[in-house]
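The values are calculated or read from the model by the stated rules, or taken from the named source; none is laboratory data. Since we're looking at a predicted model, the values are computed, not measured.
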Amino acid sequence: MQPWTLRLLATRTIASNRAIQVLRRCLLMLMTSAALSVEGHGLASASAKIEVRPSRLVELTVQFDFVELLNHGPKAYPLAVVAALPDEKFALLYKEVIKLFDSELKVALDTKAVVLNKRYPTAQQMFSLLKGQLVNSQFSNQTSKLYTYSDRRFFQVLAFDFKLATAQELNQLTVTFPKELGDIYITYSKPKSSSLHPGEPWQPN
């Protein structure tokens, strides 16, 4: 082999090694920034709202961060990695999350299980929200809170409802949430009617 050939091969090997090192640094930066973006979102705990309508319809809404939910398991899923998955790979994660709620979100009246009406977003809707979350995290100030409990624009929302046979059944209601949600901030409200005279201000009791 000619000396100039050896020099060329050595140069290419060095360039290749440098490219691999740069790629590794980029991946490390990606993983680090993704982890920071999840932690920098301020209020990360899941929330649930239970509302009882005058018609005895009980509505249950659960809000959660998709990546935070995934990271309660043995594997770590950075936001940047999840948001960049191919559609078919994300569909597998979506199915697992839906399966989790189907099996672990339990509503009962005394000891009798309640059959819920379920309104899940599609896989595409969840995926689009995650992509928006990633874009926002890349252009936002990581030290500032992005939302409060009432403004969680990147939280996934699952809705459920069922109807009570009698108002008294409400005293027997229990709701068990998937443990993967971690700590949950719960809001509970039921109807309370009142009447006002003309010009009289309303005040909560």
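Counting just the residues of segment 44-68 that are part of a loop (DSSP other than H, G, I, E, B) and within 12 Å of the chain's Cα centre (by Cα), which one comes out modelled with the lowest pLDDT?
Applying the first criterion (part of a loop (DSSP other than H, G, I, E, B)) to segment 44-68 yields 44-45, 53-56, 65.
After this cut, where a residue has to be within 12 Å of the chain's Cα centre (by Cα) as well, the list is 44-45, 65.
Details: A44: 65, S45: 82, D65: 92.
Across segment 44-68, the extreme among qualifying residues is A44.
Looking at segment 126-160, which of its residues are under 15 Å from V67 (Cα atoms), β-branched (V, I, T) and modelled with pLDDT under 95?
V135
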